């Protein structure tokens, strides 16, 4: 069995987090190194290493992650806008090999982001 990722350990309750949402398919918690006043990670419970590892059967799960992000954005009062981001691979700045969606907001965001 492969070693659990940091996010899998958080999902399994082995590592504490500032959880803001939880259901049978995903969890969401505040990033410990936020890049904005609101920076929340939406993480599937299913251990998918990255966006490149998605398969057709994951279609509904990924849609669910976006709907959860939308719900959390409303709860967090991000009425003026927010950003959702999936980082993929080393050059994409993915640091944990477990698919996760960044929900970022609470200030004026710039473009381009990188």
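Read-outs throughout are calculated quantities, based only on the coordinates presented, and are distinct from any laboratory measurement. As the structure is a computational prediction, the values presented were derived from the model and not from experiment. A quick note on method: Cβ atoms are made from the backbone with ideal geometry, for glycine too, and the neighbour counts reach across all protein chains shown.
Assorted remarks:
- Residue tally, condition in a loop (DSSP other than H, G, I, E, B) and under 21 Å from residue 9 (Cβ atoms), over segment 45-76: 6
- Residues in segment 77-91 that are part of a loop (DSSP other than H, G, I, E, B) and closer than 16 Å to residue 41 by Cα: 78, 87, 88.
- Some residue of segment 48-63 being surrounded by 14 or more Cβ atoms within 10 Å (Cβ to Cβ), within 10 Å of the chain's Cα centre (by Cα) and free of Cβ contacts under 8 Å to residues at least 60 places away in the same chain: no
- Checked across segment 71-80, the condition of being under 12 Å from the mean Cα position of the chain (by Cα) and at negative phi holds for at least one residue.
- Residue within segment 16-23 that is within 18 Å of residue 83 (Cβ to Cβ) and without any contact (Cβ under 8 Å) to a residue 24 or more places away in the chain present: no
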